[in-house]
Amino acid sequence: MFLAELARVTPVAREVIDAAAVAGNDFDAELVAQVLDQPQSVTLDAIGELMSRDLVRPMARGPYFAFRHPVVHRAVYYSSELGRRVQ
């Protein structure tokens with residue numbers, strides 16, 4: 001089910017959610033942007049797409065977000081390529 005949801009996101013959003021999954025269930029948009037070496041605006045646009053699909057949700061503090069459920073976090077983490085996770 002989660003993998004079907006991931007299949008519908010743009011490549012940039014998939015890159016962002018994969019990097020976020022490595023960071024943890026809760027993640028900082030700025031950190032994800034730095035890891036991916038992309039402008040924070042691109043990362044935030046991708047996070048907006050992920051929020052519209054209810055894969056991630058905003059947290060009350062700053063530019064922090066969380067996966068909608070720990071199971072979603074694990075599904076994303078383990079479905080990403082090992083090389084990408086290590087990188």
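The values are calculated or read from the model by the stated rules, or taken from the named source; none is laboratory data. Note that the structure is a prediction, hence the values are computed from the model and not measured. Cβ sites come from the backbone with ideal geometry, for glycine too, and all protein chains shown count toward neighbours.
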Q.
I want to confirm something. Restricting to the stretch 31-60 and keeping residues that are acidic (Asp, Glu) and out of contact with any helix residue (DSSP H, G or I) (no Cβ under 6 Å at 6 or more places or on another chain), which single residue is surrounded by the most Cβ atoms within 10 Å (Cβ to Cβ)?
A. 45
Q: Report whether or not residue 75 is within 13 Å of the chain's Cα centre (by Cα) and either assigned to a loop (DSSP other than H, G, I, E, B) or modelled with pLDDT of 90 or more (or both).
A: no
Q. Any idea which residue in the stretch 1-56 is nearest to residue 68 (Cα to Cα), counting only those that are β-branched (Val, Ile, Thr) and without any contact (Cβ under 8 Å) to a residue 24 or more places away in the chain?
A. 32
**Q.** Residue list for the stretch 3-28, restricted to those being surrounded by fewer than 20 Cβ atoms within 10 Å (Cβ to Cβ) and either of a type in the set (Gly, Ala, Ser) or more than 13 Å from the chain's Cα centre (by Cα) (or both)
**A.** 3, 4, 7, 8, 23, 24
Q: May I ask you to verify whether residue 16 is modelled with pLDDT of 95 or more and part of a helix (DSSP H, G or I)?
A: yes
